Amino acid sequence: MDFKTVSVIGLGYIGLPTAAVIASRGIKVVGVEINQHAVDTINAGKIHIVEPDLDIVVKSVVSTGFLRATTTVEKADAFMIAVPTPFKHGDDDSHSPDLSYIESAAKAIAPVIEAGNLVILESTSPVGATEKLAGWLKEARPDLTFPQDVGDQADIKVAHCPERVLPGYVLQELVSNDRVIGGVSPACSAAAVDLYKTFVRGECIVTNARTAEMAKLTENSFRDVNIAFANELSTICDQLRINVWELIKLANRHPRVNILSPGPGVGGHCIAVDPWFIVDSCPEHAKLIKQARLTNDAKPHYVVNQIKEAADQFKRPVIACLGLAFKADIDDLRESPAVQIVEDLAQAKVGEIIAVEPNISELPGSLSDANVTLASVAAALEVANVVVILVDHKEFKAADRSLFAKKVVIDTRGLL
Ligand SMILES: NC(=O)c1ccc[n+]([C@@H]2O[C@H](COP(=O)([O-])OP(=O)(O)OC[C@H]3O[C@@H](n4cnc5c(N)ncnc54)[C@H](O)[C@@H]3O)[C@@H](O)[C@H]2O)c1
């Protein structure tokens, strides 16, 4: 397929870099976004998220006219859907995938799609979601044919191509990572490969849509299970008075052992979310995957109790919490265990709480309303008697180690 215009639906952490990189290859990209502030920011050549070097690329492709953002869908040769796929918290503690954003995106593009178009689902999705997307399109456009009915002969091609970039390295990884491409039919896969080949230097590996969906979920579940092992070790070592960091270093000397690092929990909207999509689809069989989720979700509570114990030594404890993001050197606070820990501490009124997050300028409402203050690392360390390292941001790694002296330090990342 030849692509003159590509439409990217959802200009967030994934959609915006993808749109910018495709535009930088000289293809006209129209980004569709429901958030007017994001649209205005992008059209001004600026960005509304933190991602290294993305501002430079966006400025360049907007100024040359290859990228434009809008709130209304327009015709294009290909549509790439990069909208959120969170889970729904059920009353019974179930975690079923929320496909409403994909459904809205499908209903939005349906009126403008034409025979010959390619629709790609990039959002991380439960098995079967791409077929559902094709179904929503078909429902809205009975005048067109779709691959679930007529295979390679369909007017519209539909494929899933999960994104697996690492925040902080998105621009490099968008280009260098291998891509798993799962078409609803072989012709859908072939068309999707044509599109990705316009900007991907990695290999484009073809499979079917269900396997592509499961591949992404499997990658993140693998990480989650392995982190759960490290987190479980960290609490066991704490009870047995063993330094878990030293222990893991020693065990990893074994040629076939590679234990990951423990932390305050598992955050973000991928590893903490995607395993639930597998659990939801096969609850009877996904027992280890579910337990890993529960183990990782329990870790923030364990850290809160450690902090409470440490704070008990002081009459008026001042607690500096270093880091709120879900991982180092990004501004993304979604599903962050660090945020959960600070919220729980504030709610428990353990003492004065100072948050340090160099990547944001304003605290989220849940924290500012709870009287948590935002400060620089130097200011916080000057007044705190308990210091909790929740994220290994470069600013904390670079901080003068003598500032930690005479403090009670809870180092959930092994930074010190
Ligand atoms: N961020 C990552 O590192 C990452 C990595 C791999 C996969 N993913 C997956 O990619 C998908 C998108 O994630 P993200 O981090 O970019 O989310 P995001 O929240 O940063 O961006 C999604 C954007 O879509 C917009 N949106 C929602 N509904 C829309 C609609 N109907 N039309 C147009 N715009 C709409 C939102 O306003 C938002 O700006 C998710 O499925 C996520 O799991 C994310």
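Residues that are more than 30 Å from ALA115 (Cβ to Cβ) and in contact with a Leu (Cβ under 9 Å, 6 or more places away or on another chain) were ranked within the stretch 154-171; the one that is nearest to the ligand (Cβ to nearest atom) is VAL165. Restricting VAL193, VAL206 to those that are buried (at least 16 other Cβ atoms within 10 Å of the Cβ) and either part of a helix (DSSP H, G or I) or of a type outside the set (Val, Ile, Thr) (or both) reduces the list to VAL193. Filter the stretch 81-99 for residues that are of a type outside the set (D, E, K, R) and not in a loop (DSSP other than H, G, I, E, B); which is surrounded by the most Cβ atoms within 10 Å (Cβ to Cβ)? Out of the qualifying residues, it is ILE81. Would you confirm whether or not the stretch 240-261 contains a residue that is in contact (Cβ under 8 Å) with a residue 60 or more places away in the chain and within 16 Å of the ligand (Cβ to nearest atom)? No: the stretch 240-261 contains no residue that is in contact (Cβ under 8 Å) with a residue 60 or more places away in the chain and within 16 Å of the ligand (Cβ to nearest atom). Being out of contact with any Lys or Arg (no Cβ under 6 Å at 6 or more places or on another chain), of a type outside the set (Ser, Thr, Tyr) and surrounded by fewer than 18 Cβ atoms within 10 Å (Cβ to Cβ) is a description that applies to VAL257. Annotation: ARG253 fulfils all but one of (1) in a helix (DSSP H, G or I); (2) of a type outside the set (A, V, I, L, M, F, W, C); (3) more than 18 Å from ASN296 (Cβ to Cβ); the unmet one is (1). For the stretch 28-61, the candidate set comprises residues that are under 20 Å from LEU118 (Cα atoms) and within 12 Å of the ligand (Cβ to nearest atom); within that set, the residue that is surrounded by the most Cβ atoms within 10 Å (Cβ to Cβ) is GLY31. If you go through the stretch 100-126 and keep only what is surrounded by 20 or more Cβ atoms within 10 Å (Cβ to Cβ) and either over 20 Å from the mean Cα position of the chain (by Cα) or closer than 24 Å to GLN291 by Cα (or both), you end up with ALA106, ILE109, ILE113, ASN117, LEU118, VAL119, THR124, SER125, PRO126. Out of ILE22, ILE113, ILE27, ILE120, one residue alone is touching a strand residue (DSSP E or B) at 6+ places or on another chain (Cβ under 6 Å) and over 30 Å from LYS327 (Cα atoms). It is ILE27.
Inspection of the stretch 269-291 finds no residue satisfying the criterion of being outside any loop (DSSP other than H, G, I, E, B), without any contact (Cβ under 8 Å) to a residue 12 or more places away in the chain, of a type in the set (Gly, Ala, Ser) and more than 16 Å from the ligand (Cβ to nearest atom).
When THR18, THR71, THR64 are checked against the criterion of being of a type in the set (S, T, N, Q), within 12 Å of the ligand (Cβ to nearest atom), more than 22 Å from ASP329 (Cβ to Cβ) and at pLDDT 95 or above, a single residue qualifies: THR71.
The values are calculated or read from the model by the stated rules, or taken from the named source; none is laboratory data. These numbers were taken from a predicted model, which means no experiment stands behind them. Because the Cβ atoms are built from the backbone with ideal geometry, glycine has one as well, and the counts that use them run over all protein chains shown.
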